[in-house]
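Here's the structure we're looking at; comments come further down.
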Amino acid sequence: MAPRQTEQHVGGSKVLVVEDDQSFGQLLSQELDDHDLTARWVDNAEKALAVIQEWHPELVVSDLRLPGIDGLELLQRVRSEEMDNPPDFLLITAFGSISKAVEALKAGAEDFLTKPLDLDHFILTVVRVLKNRALRQEVQRIRDYLSQDAFHGMIGQSPAMRGLFEQIGRVSRADGPVLILGESGTGKELVARAVHAASPRKGAFQAVNCAGIPEQLLESEFFGHKAGAFTGAGKARRGLFAEAESGTLFLDEISEMPLFLQAKLLRILQDGKVRPVGADKEEQVDVRTVAATHRDLEQEVEAGKFREDLFFRLETFTLRLPPLRERGDDLELLAGHFLRRFSIQVDKSIQGFDQKALDILKNYSFPGNVRELRNAMERAVTFCDGTTILPAHLPSRIRDGGSQPTLQSAPLLTAMAASGEHLPTLAQAEQHYIRHVLDAVNGNKRRAAAILDIHRRTLYRKLEQD
């Protein structure tokens, strides 16, 4: 007879039956096997202890009354062992031993059943216990993944990121505007959310992309409007500043904000008041403004595209995000983080990276930064059918961009010799060559250290000596 299917996520689970009545123990084992579970039967607790250590079952179904060590003592012994993943316990007892079964529940048993046993109820109880166990393990996996090396959702152990985390902790306790600078894909919104989360503010975090709102709607979006203020304004609307009351308003890509609105934003930053479109009076708001851009605002000021007075007001607290290529071992840490995240989402058991795939990731400059790495890991997990990420699972641009650049040392030395009256010293030549390698790999210190065949700490020390 074909086995009856249990639920997919508990099918195949290992169940150990401990029962001194041979016919009853074999009956329970057969019933478990018939429901697509893997069962073993032993007739005493001493044998059960050995099987648990060797076979690692997910569940032990034990009679409470056993010769020698009883079911309760078996449970207590297993719980006292240093086991990474101890089994759950389901105890079977006669009706007259209910008080003993309650004692077993207090000792850590998941449930108990009474004799005479209804086999359908028995299987339902086993499946429920196994499902709860699988759910607990999944929750723990997610908790481990979320908590590992994270600072308000940001992953990083490099000196640059640790310094940033410390700055966020200090800035979050203040109340002035914050300016976040960094290349696209470095995680500027995550930093803004961290500033808000670490602050004492109890209001909402509101985020808006300044480049994503039509110019004719900007004032209404930011400041709100009164009913009938303009064509189509049938109802009054609260603006983003009002919705972020007692909280934080994040202005992403603030360099794209039109000049006329920059003037009004400066006024709000100075006196904390907004005037909804069509209103006669200003309204006081308590909102902290955090702005971000990937552009060089000083150049934007010089080009007349950004108000100098607003720039000076925003830069009260400036946080600079390092690009991924300058974050050292964070790349491998982040790749593992995204691998776990997407593996959980699609229910795959991918354990890690093939060494060649990891080398390709390390040798790629990631111009799209963390966002590009995240997308690459999502693709890799999607196309991986095994337990290891291989080079073929990575996007072709990363595979093709991971080769080492060819360095022409002879022209370099010629240029060095021509740059002064004498040939450079060995120390000077070394510094020139290090800089040349860094330029060739777009500042990627990991790749530069690999090409130079030195440890990154050695590279940092030599750069400090320059």
Test: residue in region 276-283 that is assigned to a strand (DSSP E or B) and modelled with pLDDT of 80 or more: yes
Qualifying residue in region 407-423 (condition: at pLDDT below 90 and closer than 23 Å to Tyr364 by Cβ): yes
Members of region 153-193 found to be open to solvent by less than 40 Å² (accessible area, probe 1.4 Å), over 29 Å from Asp286 (Cα atoms), of a type in the set (A, V, I, L, M) and modelled with pLDDT of 90 or more, listed by number: Met161
Residue check, Ala357 more than 30 Å from Pro200 (Cβ to Cβ) and among the hydrophobic types (A, V, I, L, M, F, W, C): yes
Condition check for Phe241: open to solvent by 30 Å² or more (accessible area, probe 1.4 Å) and in a helix (DSSP H, G or I): no
Subset of region 194-213 [under 10 Å from Thr248 (Cα atoms) and either of a type in the set (Val, Ile, Thr) or modelled with pLDDT under 90 (or both)]: Val195, Lys202
Within region 33-76, considering residues that are more than 19 Å from Lys115 (Cβ to Cβ) and basic (Lys, Arg), the one farthest from the chain's Cα centre (by Cα): Lys47
Residues located in region 266-275, provided they are over 22 Å from Ala211 (Cβ atoms), touching a helix residue (DSSP H, G or I) at 6+ places or on another chain (Cβ under 9 Å) and not in a loop (DSSP other than H, G, I, E, B): Gln270, Lys273
Matching residues, region 161-190, being free of Cβ contacts under 8 Å to residues at least 40 places away in the same chain and part of a helix (DSSP H, G or I): Arg162, Gly163, Phe165, Glu166, Gly169, Arg170, Ser172, Leu190
In region 288-299, the residues that are more than 29 Å from the chain's Cα centre (by Cα) and buried (at least 18 other Cβ atoms within 10 Å of the Cβ): Leu297
Any helices (runs of 4 or more DSSP H) falling wholly within region 287-345 and containing at least 2 residues that are of a type in the set (Lys, Arg): 330-345
One residue from Phe311, Phe366, Phe338, Phe317 being modelled with pLDDT of 90 or more and on the phi > 0 side of the Ramachandran plot: Phe366
Pairs, first more than 12 Å from Leu181 (Cβ to Cβ) in region 290-310, second among the acidic types (Asp, Glu), C-beta under 8 Å, six or more apart: Val301/Glu308; Phe306/Glu300
When residues of region 125-143 are limited to those that are charged (D, E, K, R), within 25 Å of the chain's Cα centre (by Cα) and open to solvent by 80 Å² or more (accessible area, probe 1.4 Å), the one modelled with the lowest pLDDT: Arg143
Filter result for Glu464 (among the charged types (D, E, K, R), at pLDDT below 75 and farther than 29 Å from Glu189 by Cα): yes
Positions within region 440-466 being open to solvent by 50 Å² or more (accessible area, probe 1.4 Å) and more than 20 Å from Asp329 (Cα to Cα), in sequence order: Gln465, Asp466
Matching residues, region 355-386, being surrounded by fewer than 16 Cβ atoms within 10 Å (Cβ to Cβ), more than 15 Å from the chain's Cα centre (by Cα) and not aromatic (Phe, Trp, Tyr): Gln355, Lys356, Asp359, Pro367, Arg379, Thr382, Asp385, Gly386
Extreme residue, modelled with the lowest pLDDT, among residues of region 387-406 that are open to solvent by 60 Å² or more (accessible area, probe 1.4 Å) and in a helix (DSSP H, G or I): Asp400
Residue match in region 76-94 (condition: farther than 17 Å from Leu16 by Cα and surrounded by 14 or more Cβ atoms within 10 Å (Cβ to Cβ)): yes
Residues that are in a helix (DSSP H, G or I), out of contact with any Phe, Trp or Tyr (no Cβ under 6 Å at 6 or more places or on another chain), farther than 24 Å from Arg456 by Cα and hydrophobic (A, V, I, L, M, F, W, C), drawn from region 346-378: Ala376
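The values are calculated or read from the model by the stated rules, or taken from the named source; none is laboratory data. Values in this document were obtained by computation on a predicted structure and should not be read as measured data. With ideal geometry, Cβ positions are generated from the backbone for all residues, glycine too; neighbour counts draw on all protein chains shown. These area figures cover heavy atoms from the full protein model, side chains too; ligands, DNA and RNA do not enter into them. Shrake-Rupley method; radii C 1.70, N 1.55, O 1.52, S 1.80 Å.
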